[in-house]
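A.B. asks: One structure, as structure tokens, below. Some questions next.
The values are calculated or read from the model by the stated rules, or taken from the named source; none is laboratory data. Predicted, not measured: the structure shown is a model, and the values here were computed from it. Don't worry about glycine lacking a Cβ; one is built from the backbone with ideal geometry, like all the others, and counts go over all protein chains shown. Please note that ligands, DNA and RNA were not included when accessible areas were found on the heavy atoms of the full protein model with its side chains. Shrake-Rupley method; radii C 1.70, N 1.55, O 1.52, S 1.80 Å.
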Amino acid sequence: MAEHWLDITDLPAEGREFSLDDKEFWAEKWAEFQMGFEALTPLSATFTVQPQPRGALVRGRLAGEVSAPCDRCLKDLSVRIDQPFDLFEQLESPDEESVEPGLLREHKGRLELDAGAMLWEEFVLALPTKPLCSEDCKGLCPDCGKDLNEGPCGCAKPKGDERMAALRGLTIAKKD
């Protein structure tokens, strides 16, 4: 997993601005999680880190454009990323147990921020939950795999669940 640890030990009180636009970082992450994404415009992040007692306040923006597969038909579509973020990270206390590691650590007497993990989390939060090429995308035929947006396939239409066959001819009379 790609990591980008930043030394934030000696930051001035007003903070310092950082930027990350490493194409290889994003390509490695997409490959690691088998996402099939590709950068159309480079993803870049600019953020300010302000020191706080036992922690850091981070404010910034992640922006760019990626090509992603449609969730229904798998055609590539363009997804614009423009994610502002604002978070506070605090060092874990030695006596506290946490489920997942934090973004801050003390390493060889220095305070470090895992900018790679932070930006990956912001990228995932910026993605649509179900990326679609269009709202009325018909997807793929579950039997033959034909793209139904290009027209119907030649597969036989399912007759429904055989367990419900006894109810197919049922009609219910309306009451006045």
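A.B. asks: Counting just the residues of the range 32-53 that are in contact (Cβ under 8 Å) with a residue 24 or more places away in the chain and farther than 30 Å from Leu74 by Cα, which one comes out surrounded by the most Cβ atoms within 10 Å (Cβ to Cβ)? Please lay out each step first, then the result.
C.D. replies: First pass over the range 32-53, keeping only residues in contact (Cβ under 8 Å) with a residue 24 or more places away in the chain: 32, 35-41, 43-52.
Keeping just the survivors that are farther than 30 Å from Leu74 by Cα gives 46-52.
Details: Thr46: 14, Phe47: 25, Thr48: 15, Val49: 21, Gln50: 17, Pro51: 18, Gln52: 13.
Top of the filtered list is Phe47.
A.B. asks: Is it the case that Glu121 is of a type in the set (D, E, K, R), open to solvent by 40 Å² or more (accessible area, probe 1.4 Å), out of contact with any helix residue (DSSP H, G or I) (no Cβ under 7 Å at 6 or more places or on another chain) and part of a helix (DSSP H, G or I)?
C.D. replies: On the way: of a type in the set (D, E, K, R): yes; open to solvent by 40 Å² or more (accessible area, probe 1.4 Å): yes; out of contact with any helix residue (DSSP H, G or I) (no Cβ under 7 Å at 6 or more places or on another chain): yes; part of a helix (DSSP H, G or I): yes.
Yes.
A.B. asks: Would a scan of the range 97-104 turn up a residue that is of a type outside the set (Ser, Thr, Tyr), surrounded by fewer than 16 Cβ atoms within 10 Å (Cβ to Cβ) and within 26 Å of Lys138 (Cα to Cα)? Before you say what the answer is, go through the steps one by one.
C.D. replies: The initial filter retains those residues of the range 97-104 that are of a type outside the set (Ser, Thr, Tyr), namely 97, 99-104.
Applying the additional criterion that residues be surrounded by fewer than 16 Cβ atoms within 10 Å (Cβ to Cβ) yields 97, 99-102.
Now drop any that are not within 26 Å of Lys138 (Cα to Cα), which leaves none.
Checking the range 97-104: not a single residue is of a type outside the set (Ser, Thr, Tyr), surrounded by fewer than 16 Cβ atoms within 10 Å (Cβ to Cβ) and within 26 Å of Lys138 (Cα to Cα).
A.B. asks: Another question about this same structure. When you scan the range 49-108 for strands (runs of 3 or more DSSP E) that lie fully inside it, which ones turn up with 1 or more residues that are over 16 Å from Gly15 (Cα atoms), at pLDDT 95 or above and not aliphatic (A, V, I, L, M)? Quick ask: steps written out before the conclusion?
C.D. replies: Details: elements: 55-69, 76-90, 104-107.
By residue number, 55-69, 76-90.
A.B. asks: Follow-up. When you check Pro128 against the structure, is it farther than 28 Å from Arg54 by Cα, modelled with pLDDT of 90 or more and surrounded by 10 or more Cβ atoms within 10 Å (Cβ to Cβ), yes or no? Working first, answer last.
C.D. replies: Values: farther than 28 Å from Arg54 by Cα: yes; modelled with pLDDT of 90 or more: yes; surrounded by 10 or more Cβ atoms within 10 Å (Cβ to Cβ): yes.
So Pro128 fits the description; yes.
A.B. asks: Quick one: which residue in Lys29, Lys23 is open to solvent by less than 90 Å² (accessible area, probe 1.4 Å), basic (Lys, Arg) and at negative phi? So that I can check it myself, show each step before the final result.
C.D. replies: Numbers: Lys23 fails: open to solvent by less than 90 Å² (accessible area, probe 1.4 Å).
Criteria check complete, one pass: Lys29.
A.B. asks: Do you know which residues across the range 4-45 are assigned to a loop (DSSP other than H, G, I, E, B), over 19 Å from Pro131 (Cα atoms) and touching a helix residue (DSSP H, G or I) at 6+ places or on another chain (Cβ under 8 Å)? It would help to see each step written out before you state the result.
C.D. replies: If we filter the range 4-45 for residues that are assigned to a loop (DSSP other than H, G, I, E, B), which is where we start, we get 4, 8-15, 21-22, 33-37.
Then keep just the ones that are over 19 Å from Pro131 (Cα atoms); that gives 4, 8-15, 21-22.
Residue satisfying the conditions is His4 alone.
A.B. asks: Okay, moving on. For the range 134-176, which residues satisfy the criterion of being open to solvent by less than 60 Å² (accessible area, probe 1.4 Å), assigned to a loop (DSSP other than H, G, I, E, B) and among the hydrophobic types (A, V, I, L, M, F, W, C)?
C.D. replies: If the condition is that a residue be open to solvent by less than 60 Å² (accessible area, probe 1.4 Å), assigned to a loop (DSSP other than H, G, I, E, B) and among the hydrophobic types (A, V, I, L, M, F, W, C), then Cys137, Cys141, Cys153, Cys155 are the ones that fit.
A.B. asks: Being at positive phi and either surrounded by 12 or more Cβ atoms within 10 Å (Cβ to Cβ) or among the hydrophobic types (A, V, I, L, M, F, W, C) (or both): is that true of Gly64 here?
C.D. replies: Working: at positive phi: yes; either surrounded by 12 or more Cβ atoms within 10 Å (Cβ to Cβ) or among the hydrophobic types (A, V, I, L, M, F, W, C) (or both): yes.
For Gly64, the condition - at positive phi and either surrounded by 12 or more Cβ atoms within 10 Å (Cβ to Cβ) or among the hydrophobic types (A, V, I, L, M, F, W, C) (or both) - is met.
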